[in-house]
Amino acid sequence: MTALRPGRRAFLKTAAVGAAAALLPRPALAQATSGRVVVIGGGFAGTTAARTLKRLDPRLAVTLVEANAQFTACPFSNEVIVGLRDLGDQQFGYDKVARDGVELRLASATGIDPQGRSVTLADGGRLSYDRLILAPGVDFRWDGLPGYTEATIERMPHAWKAGEQTLLLRRQLAAMSDGGLVVISAPANPYRCPPGPYERASLIAHYLKTTKPKSKIIILDAKDAFSKQRLFQNAWAALYPGLVEWVSLSSGGKVTSVDPGMMTLTTDFATHKAAVANVIPPQKAARIADLAGVSDRTGWCPIDPVTFASPLQPNIHVLGDAAIAGAMPKSAFAANAQAKACAAAVATLLVGGRPAEPRLINTCYSLVAPDYGITIAGVYHPVNGQLVDVEGAGGVSPLDAPASIRAQEASFANGWFNTLTAETFG
Amino acid sequence: MPRVLGQDPAGIVIAMREFRSGQRPATVMDRIAKGFTEDETQAIAAWLGAQKD
C-alpha cells in the first residue's frame, strides 16, 4: 500500500468531505474483478476520475485519452491576461497521472460506438471499454454569434480556453493606448465559469486603473443577472468608479453581431467600437459528446446525479463542463468533485454494487483586485433525479466584509488553486 | 493551515459544529459545514481521523 500513499494523501486533502460518503462501501471493492474504463478528456474532471478509479481499485485498467501533452488551466488565467501571473504557472503535465498506473493515450477521440463499447482515435487506434467516462469540456458555438468565427479569434480573442488566446488578449491590452475602450461580450447561461467574465472585467479594470487610467471597460451581457453580482458591483463602485460599465440584457446588452474588421460589437441599441474586444462566445458540450449521442438538443449532456451516467446511452458517464449538473456550476472545483463521486460509482457498478448517493461541494474564488477576493460556495445532493443545493448551505461572501476578509480570501484563492491542481495533476 | 488528515475525529466534529453555528471564524467553511448533518460530519471525521498523513 506504500505506493498508494502519496496519491491518497493528496486525494484526501480536500476531497474527503465531498467524497467520504461515496467511498464507504469498501467491501464490494474488495471482491473486485478487473474492468476496463476509458476516460476521454484530461482536464480537472477526466484526470481526477482516472486517478481516483485507479486508487479505488488498482486492478482496473484505466486509460486517459487526451489530445495535448500539457494541460493549461483556465482558473487564474484572468491574472495572466493582466500580467499578474505567467502562463507557465497554469500548465501541468501528466507524469504523475501515468505513475499512478493510468495509461495515458495522447490522441484525439474521433468516434464512439456505445453498442460495441469502443472508442476510435485519430491515430487509427481503437479502445474497448466496460465503462466510458466523457469529460471533454466545452466547444464554442460558431453559429451562435453572427460575425464571430474561428477565423476571427485573432482579432477578437475569446481567451476562454487558456493558452495562446490568453497571451493574445494580454498582448492586445498591453498594446492599447491610454483612453482605449475594452469591450467584453458575456454569453447567456449556461457556460464555463459563471463568474469568469466579471472577474476578468475586474482585473482588467485594475490593470487600466494602474497603467491606463483614461481607459474604460464595458461588459455587454446576454443576461440580466450573474454570479456574485452584488459583490462584484459593490467592488467596482468602490475600487473602479466610472471605469466599469455593465449593460444587462434588458438594457440592450446582448451582442447580436460583431465586425472584427471594424472592431465593432453591435447590440439592438448601439454599435460599440472597441480598442480591445474580448468575445466570450456561446458554448456547448464538446463535439465528441454529440458523436457519442449523449448530448441533447440543448447541446449539453443530461446525467444521473448519483452515477453521472448518461440516460441517453448505456455505459457512458459525463462529467464537468459538458454535463447538465443541475445547481452545480461549470467550474474546475465542481468537475473535480463530480469526478470523485463518479469514479466511486463506476468502481462500485463494475462489481455489481449499488452506488451511494454523493454529497458534492463547489467553491469558486474570484479576484476583484490582487488583494480582494470573493467566493461562492455550494453543497449539492441528488433530489428527484437532479443535483440541487442542500438547503441552508452555501452562498457568497458577506456583502459587508472588511478589507481584511477580502485580503484573506484573495490569499486563500492561491491555496485553492494550488490544492486543486496538485490534487488533479501533482 | 493545519492538515485535517489523522486529526482527532472528536476535534473535527467540534470544529465543524462551530463552523455550522458561526462560533468559529471562517471565510467559506461556515457555508460548507452547513451542508452536512451531524451524522454525516461524524462519518467524515471518523474517516479523516483514520487516514495517515
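Restrict the check to region A:279-298 and report whether at least one residue is modelled with pLDDT of 95 or more, surrounded by fewer than 22 Cβ atoms within 10 Å (Cβ to Cβ), among the hydroxyl-bearing types (Ser, Thr, Tyr) and not assigned by TED's automatic domain parsing to the domain that holds A:VAL346.
Taking every residue of region A:279-298 in turn, none turns out to be modelled with pLDDT of 95 or more, surrounded by fewer than 22 Cβ atoms within 10 Å (Cβ to Cβ), among the hydroxyl-bearing types (Ser, Thr, Tyr) and not assigned by TED's automatic domain parsing to the domain that holds A:VAL346.
Does B:ALA33 fit the bill of being of a type outside the set (D, E, K, R), buried (at least 17 other Cβ atoms within 10 Å of the Cβ) and free of Cβ contacts under 8 Å to residues at least 40 places away in the same chain?
So B:ALA33 fits the description; yes.
Which is surrounded by 17 or more Cβ atoms within 10 Å (Cβ to Cβ), assigned by TED's automatic domain parsing to the domain that holds A:LEU319, at negative phi and modelled with pLDDT of 95 or more, of A:GLY43, A:GLY93, A:GLY116?
Working: A:GLY93 fails: surrounded by 17 or more Cβ atoms within 10 Å (Cβ to Cβ); A:GLY116 fails: surrounded by 17 or more Cβ atoms within 10 Å (Cβ to Cβ).
Exactly one residue qualifies, and that residue is A:GLY43.
Just for region A:398-426: of the residues that are more than 7 Å from chain B (Cβ to nearest Cβ) and among the polar types (S, T, N, Q), which one is surrounded by the fewest Cβ atoms within 10 Å (Cβ to Cβ)?
Result: A:SER404.
Identify all residues within region A:330-362 that are of a type outside the set (D, E, K, R), touching a Ser or Thr at 6+ places or on another chain (Cβ under 9 Å) and surrounded by fewer than 24 Cβ atoms within 10 Å (Cβ to Cβ); write none if there are none.
A:THR348, A:LEU349, A:LEU350, A:VAL351, A:PRO355, A:ALA356
So which residues in region B:36-53 are of a type in the set (Val, Ile, Thr), more than 7 Å from every other protein chain (Cβ to nearest Cβ) and either in contact (Cβ under 8 Å) with a residue 60 or more places away in the chain or not in a loop (DSSP other than H, G, I, E, B) (or both)?
If we filter region B:36-53 for residues that are of a type in the set (Val, Ile, Thr), which is where we start, we get B:37, B:41, B:44.
Filter again for more than 7 Å from every other protein chain (Cβ to nearest Cβ), leaving B:37, B:41.
Within region B:36-53, B:THR41 is the sole residue that qualifies.
Would you confirm whether any residue within region A:237-245 is of a type outside the set (A, V, I, L, M), in the same structural domain as A:ARG192 (by TED's automatic domain parsing), touching a residue at least 60 places away in the same chain (Cβ under 8 Å) and within 23 Å of A:ASP178 (Cβ to Cβ)?
no
Which of (1) more than 9 Å from chain A (Cβ to nearest Cβ); (2) closer than 21 Å to A:TYR380 by Cα; (3) not in a helix (DSSP H, G or I) is the odd one out, the single condition B:GLN23 does not satisfy?
(2)
State whether the residues of region A:149-161 include one that is under 25 Å from A:GLN283 (Cβ atoms), of a type in the set (Phe, Trp, Tyr), not in a helix (DSSP H, G or I) and not assigned by TED's automatic domain parsing to the domain that holds A:ASP57. If you could, list the steps in order and put the result at the bottom.
Keep residues of region A:149-161 that are under 25 Å from A:GLN283 (Cβ atoms), which gives A:149-161.
Of the ones still in play, those that are also of a type in the set (Phe, Trp, Tyr) are A:160.
Next, from what is left, pick out any that are not in a helix (DSSP H, G or I): A:160.
If we keep only those that are not assigned by TED's automatic domain parsing to the domain that holds A:ASP57 too, we end up with A:160.
Within region A:149-161, one or more residues are under 25 Å from A:GLN283 (Cβ atoms), of a type in the set (Phe, Trp, Tyr), not in a helix (DSSP H, G or I) and not assigned by TED's automatic domain parsing to the domain that holds A:ASP57.
A:GLN313 passes all but one of (1) in contact (Cβ under 8 Å) with a residue 40 or more places away in the chain; (2) surrounded by 24 or more Cβ atoms within 10 Å (Cβ to Cβ); (3) over 22 Å from A:LYS228 (Cβ atoms); which number fails?
(2)
Do any strands (runs of 3 or more DSSP E) entirely within region A:216-322 hold 3 or more residues that are within 23 Å of A:ILE112 (Cα to Cα), and if so, which? Lay out the reasoning, then the answer.
Numbers: elements: A:216-221, A:244-247, A:257-259, A:264-266, A:271-273, A:276-279, A:283-285, A:316-318.
Counting at least 3 such residues, we get A:283-285, A:316-318.
Residues being more than 14 Å from A:VAL37 (Cα to Cα) and without any contact (Cβ under 8 Å) to a residue 60 or more places away in the chain: count how many of those fall in region A:100-114.
Selection size over region A:100-114: 4.
Determine, yes or no, whether B:GLY6 is assigned to a helix (DSSP H, G or I), within 11 Å of chain A (Cβ to nearest Cβ) and over 25 Å from A:TYR365 (Cβ atoms). Explain how you work it out, then say what you get.
Details: assigned to a helix (DSSP H, G or I): no; within 11 Å of chain A (Cβ to nearest Cβ): yes; over 25 Å from A:TYR365 (Cβ atoms): yes.
No.
The values are calculated or read from the model by the stated rules, or taken from the named source; none is laboratory data. What you see is a predicted model, and the numbers here were worked out from it, not measured in a lab. Don't worry about glycine lacking a Cβ; one is built from the backbone with ideal geometry, like all the others, and counts go over all protein chains shown.
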